[in-house]
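> Dumping the structure here so I can ask a few things about it.
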Amino acid sequence: MSNGQYESAHATLSPDVVWTAPANLVEMAEMLSADSDEQHLAFARVEFTGDMGAVEEAQKRDQVGRYASAFWEYVQVLYDYVGQRAADFSGSVHMYLSDDRVTGKKCSPVRHAPTESDAVLERDSWRSERVLPVPKTVSPDGEVLMAAHFKPTHQDTFAPRMHYFDDSSGTGKVYIGYIGKHLTNFHTSDA
């Protein structure tokens with residue numbers, strides 16, 4: 001089954017939310033930010049807590065909206081995932097994507113990485129890039145490790161990523177702490 005067929009077969013979005021795609025990545029991040037005047041209804045389950053500078057840099061590389069469209073789809077996936085968690089699903093995001101018995105918006109599991117490799121997480125500087133901001137209600141430090149991420153494309157060297165933390169069992173939300181260029185690993189580093 002191709003990615004498009006997979007997504008169509010599992011496209012059961014919550015009917016109470018209008019999913020018109022934002023024009024760009026910056027607009028998307030603003031729609032999901034706590035301090036925004038134009039919050040999308042998805043903010044009830046998915047919140048952007050990251051650095052807008054990284055989003056703006058990614059936006060410069062996305063003049064036609066390809067990244068924005070892909071990441072908006074992943075926001076929809078996370079929104080429906082949190083809804084399923086509130087209902088009765090007890091698995092992770094990756095389990096949600098892989099389980100045909102659970103309904104909701106899904107993308108191909110190959111577009112999702114539930115964690116980073118041990119080699120990335122064992123390097124302090126690389127790991128620290130993935131420690132990202134969350135509200136203090138999630139962590140007293142105001143930050144957590146966000147190793148899980150979505151990856152929309154392998155077609156260019158910029159390879160943007162969306163890192164998140166699943167706190168659906170705590171605050172009832174998923175926090176997106178980073179949208180931007182692929183963070184440092186063996187493919188992006190001279191190491």
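The values are calculated or read from the model by the stated rules, or taken from the named source; none is laboratory data. This structure is a prediction, so every number in the text was calculated from the model and none was measured. Note: ideal-geometry Cβ built from the backbone for every residue, glycine included; neighbour counts use all protein chains shown.
> Which of the residues spanning the range 1-55 are at pLDDT 70 or above, under 17 Å from LEU78 (Cα atoms) and polar (S, T, N, Q)?
THR20, SER33, GLN39, THR49
> What is the residue count in the range 109-148 for residues that are surrounded by 16 or more Cβ atoms within 10 Å (Cβ to Cβ) and small (Gly, Ala, Ser)?
The qualifying residues number 4.
To keep it simple, each residue is scored yes or no on (1) surrounded by 15 or more Cβ atoms within 10 Å (Cβ to Cβ); (2) of a type in the set (Gly, Ala, Ser); (3) touching a helix residue (DSSP H, G or I) at 6+ places or on another chain (Cβ under 9 Å).
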position	(1), (2), (3)
ALA34	no, yes, yes
ALA44	yes, yes, yes
ALA68	yes, yes, yes
PHE89	yes, no, yes
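> Next question. Can we say TRP19 is surrounded by fewer than 19 Cβ atoms within 10 Å (Cβ to Cβ), farther than 21 Å from THR157 by Cβ and out of contact with any strand residue (DSSP E or B) (no Cβ under 6 Å at 6 or more places or on another chain)?
Yes; evaluated as a whole, the condition is true for this residue.
> Here's another thing I want to ask about it. Going through the range 149-170 one residue at a time, which ones are surrounded by fewer than 15 Cβ atoms within 10 Å (Cβ to Cβ) and either modelled with pLDDT under 95 or out of contact with any helix residue (DSSP H, G or I) (no Cβ under 8 Å at 6 or more places or on another chain) (or both)?
THR153, HIS154, GLN155, ASP156, THR157, GLY170
> Of everything in the range 92-146, what is in contact with a helix residue (DSSP H, G or I) (Cβ under 6 Å, 6 or more places away or on another chain) and in contact (Cβ under 8 Å) with a residue 40 or more places away in the chain? Give them in sequence order.
VAL93, GLY104, LYS105, LYS106, CYS107, SER108, VAL120, TRP126
> Just the residues that are part of a helix (DSSP H, G or I) and surrounded by fewer than 22 Cβ atoms within 10 Å (Cβ to Cβ), please, taken from the range 46-58.
Answer for the range 46-58, where residues must be part of a helix (DSSP H, G or I) and surrounded by fewer than 22 Cβ atoms within 10 Å (Cβ to Cβ): MET52, GLY53, ALA54, GLU56, GLU57.
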